[in-house]
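The values are calculated or read from the model by the stated rules, or taken from the named source; none is laboratory data. No experiment lies behind these values; they were computed from the predicted model shown. Ligands, DNA and RNA are excluded from the accessible area calculation, which covers all protein heavy atoms including side chains. Shrake-Rupley method; radii C 1.70, N 1.55, O 1.52, S 1.80 Å.
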Amino acid sequence: MHAVEITSFGAPDVLRLGERPVPQAGTGELLIRVSASGINRPDVLQRLGHYAPPPGTSDLPGLEVAGVIEAGDAAAMAEAGFRIGDRVCALVAGGGYAQWCVAPVVQCLPVPGGLSDVEAASLPETFFTVWSNVFDRGRLQPGESLLIQGGTSGIGVTAIQLARAFGATVIVTAGSDAKCAACLSMGAHHAINYKLQDFVSEVQRITAGKGVDVVLDMVGGDYVAREVECLAEDGRIVIIAVQGGIQSGFNASLVLRRRLTITGSTLRPRPVAFKGAIARALRERVWPLLASGMIKPVIHSTFEAADAAQAHALMESGQHTGKIVLTW
């Protein structure tokens, strides 16, 4: 099969189309003939040598795919309601940049009605991540407010739509007026151009001094101290990436007085059972919203697999709104 390989750590041009054996599905797994593979920032980090795949995982990049079930553990598939020939999308720990990919059955979801494989391939990584961190770890409730740092990223556009659908007030930051407008068009209630405005003072203005209940942080670094100042009493910060650095200082007195929570997580190394539980929650509570069109995938662009280097260059440029997807 064809697969996109990381030939050495470095710039996007280290990605090359190569040949690999077709993987074999084991117990509790199925084999997908892939038609589309989503691109995510962890793929970029892996290419740079900063994010090694978990032990026992394929060295190929790629955390989400969509396609058709070719083979698999019959008992596990039957229990999940899948059959050979079904269209599915899946979250995987690696190996997604390939024409065939093995996935745990419990991490697979049916392609929502009306969606293409390209759209379906854009779903798993961001939807699993947002559900786990915003709703499970961050405990966002209807009537609360959410601040999303980086509203036009794949994570951002997913978080905007999910939080809005479940009754939260959504505030986002973005790096241009055009990106702010895009966030508003996707359902954000307020958008802050962080290059022109101080998001702390803007959040305080928008919330009439109350602050927000939850912050979804993809920056880390010195953003954490500023986010602490944005939080309402009993507020929560959930950190899912550290693009701005791993060292953070903050006003611990505010944490004490306002009973704040600072937490975070990474999804890739978590056990299959943990990811399977997220998949079940998504299938029950979110997949009907996708099928109805209330929530929609946001695709910025697609690239043929042979052009994966161009796709990574676009992701690193930050000029995209929504997801970037490879096609096979």
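Summary of values
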read-out: Rg to Rh quotient for region 150-274, alpha carbon positions, Kirkwood Rh; value: 0.96
read-out: 1.4 Å probe accessible area per residue over region 215-328, in Å²; value: 47
read-out: Average Cα contact separation per residue, region 49-105, under 8 Å, 6 or more apart, as relative contact order %; value: 45
read-out: C-alpha center-to-center spacing [region 1-18, region 299-315] in angstrom; value: 13
read-out: Quotient of Cα Rg and 2.2 N^0.38 Å for region 18-154, N being how many residues it contains; value: 1.10
read-out: Kyte-Doolittle mean at least -1.0, axial Cα span of 30 Å or more - DSSP H helices of the chain; value: none
read-out: Cα-based reach from Lys195 at 24 Å (exclusive), listing lysines while leaving out same-chain residues under 8 positions away; value: Lys179, Lys210, Lys323
read-out: Portion, in percent, of the accessible area of region 274-328 that falls on carbon or sulfur, probe 1.4 Å; value: 50
read-out: Whole-percent carbon and sulfur share, accessible surface of region 109-249, 1.4 Å; value: 51
read-out: Scattering curve values for the chain, log₁₀ I(q)/I(0), Debye with Cα scatterers, q = 0.09, 0.11 Å⁻¹; value: -0.45, -0.67
read-out: Estimated 222 nm signal from helices in the chain, with DSSP H stretches of n ≥ 4 weighted -39500 (n - 2.57), rounded to 500; value: -8500 deg cm²/dmol
read-out: Average accessible area per residue (Å²) across region 132-201 - probe 1.4 Å, nucleic acids and ligands excluded; value: 35
